[in-house]
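Here is the structure we will look at, set down as structure tokens.
The values are calculated or read from the model by the stated rules, or taken from the named source; none is laboratory data. It should be emphasised that the depicted structure is a prediction, and the values quoted were computed from it without experimental measurement. Every residue, glycine among them, receives a Cβ derived from its backbone with ideal geometry; neighbour counts consider all protein chains shown. In case anyone asks, the SASA skips ligands and DNA or RNA and just uses the protein heavy atoms, side chains included. Shrake-Rupley method; radii C 1.70, N 1.55, O 1.52, S 1.80 Å.
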Amino acid sequence: MTVKVGIPRALLYYEYYPMWKTFFEELGVQVILSDITTKDILNKGVKSCVDEACLPVKLFHGHVETLKDKVDYIFIPRLKSVSKSEYICPKFCGLPEMVKYSVKGLPPIIDTEINMRKSKEQIYKAFMKIGHVFIKDKRLIDAAYRRALQKQDEYTGMLHKGKYPFELLDNKKATPVPTGNLRIGLIGHVYNLYDSYISMDLILKLQQQGITVVTPEQIDEEIILDQAEKLPKKMFWTFGKRLMGTACHLMNENDIDGIIYIMSFGCGIDAFVADLCERKIRRAGNRPFFLLTLDEHSGEAGVNTRLEAFIDMVRWRKRNENNISAHG
């Protein structure tokens, strides 16, 4: 009988799913993915998770709820760092415990620690430890690891060529946009940008208005890191650094007509990084900026109204006074 491992379609699913899926399948393990986010999944997460958690963590709990009775294991790695000398959100470190003590009736959790702060070699040790849950042959685990990295590189390469994660992972097509129209930079964590329910299909809404949307995943990592290195102080949050570097890059691109930053309510790191981005963009005065905060309320009217007002302002400014500061 084939062993089944559940992977929640939340948090860093849009970042690393091709790698994890390939690794498990190379070991002969069947990967069960939770369904695309719905109101019911979010409601389950809100009920089972602590009130103080941010929206993406609550949603993660909801996806675990939908998986727990369908699999033999649930994969929730303890992520501490994914880059040397840097950290990620503290909630990722304690996520296995948060889920364990909030969701009842769970199968065993694979919560192997991944901490690349001191050395990139740690990721190999983590993969070997995960692989040993299912098989003992180190050569097979090593081969699965190398195939997984190859698949992740292929995925990243397709994103840099202009694809969106939901096109590659969720079989959801982007809307073709004619060249020469508005180009908007959309900044945010992958779990805020690409989950169609949480983001209220923001990317598709923009595309349907004839707007080309540029996201951090479509920009070469070296460009982003080069911009981030120019900041007065080193930012030690890996994903916050990526968003800050993206904002700095988009500010310098002549064909970007406006920038939207999406953050989730209750995210401490985003509250800090979004404010830094806004201050820097407003100080430069060369791009209209719009900060959109998401929470568990599902009403789209307010979001649609604010988005339409921002796009109307960007179009009007480009047509009538593109030589005037966007911020007075």
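Among residues that are modelled with pLDDT under 90, among the β-branched types (Val, Ile, Thr) and either surrounded by 17 or more Cβ atoms within 10 Å (Cβ to Cβ) or in contact with a Cys (Cβ under 6 Å, 6 or more places away or on another chain) (or both), Val213 is not included. A Cβ distance below 7 Å, combined with a sequence gap of six or more or placement on separate chains, defines the contacts here; from region 286-297, residues that are open to solvent by 60 Å² or more (accessible area, probe 1.4 Å) reach residues that are in a strand (DSSP E or B) in the pairs Thr293/Met263. If you go through region 126-150 and keep only what is open to solvent by 80 Å² or more (accessible area, probe 1.4 Å) and farther than 19 Å from Tyr73 by Cα, you end up with Lys138, Arg139, Leu140, Arg146, Gln150. For Glu154, the test of being of a type in the set (Asp, Glu), open to solvent by 70 Å² or more (accessible area, probe 1.4 Å) and either over 25 Å from Leu193 (Cβ atoms) or in contact with a strand residue (DSSP E or B) (Cβ under 6 Å, 6 or more places away or on another chain) (or both) is failed. Filtered by the rule that a residue be open to solvent by less than 20 Å² (accessible area, probe 1.4 Å) and either more than 14 Å from Pro165 (Cβ to Cβ) or of a type outside the set (A, V, I, L, M, F, W, C) (or both), region 182-199 gives Leu182, Ile184, Gly185, Ile187, Gly188, His189, Asn192, Tyr194, Asp195, Ser199. Looking only at residues in region 175-201 that are within 23 Å of Pro56 (Cα to Cα) and touching an Asp or Glu at 6+ places or on another chain (Cβ under 6 Å), the one that is modelled with the highest pLDDT is Val190.
The set of residues in region 267-282 that are farther than 21 Å from Lys318 by Cβ, open to solvent by 40 Å² or more (accessible area, probe 1.4 Å) and not aliphatic (A, V, I, L, M) comprises Gly268, Phe272, Asp275, Arg279, Lys280. Does Pro176 satisfy the criteria of being under 24 Å from Thr38 (Cβ atoms) and not β-branched (Val, Ile, Thr)? In short, no.
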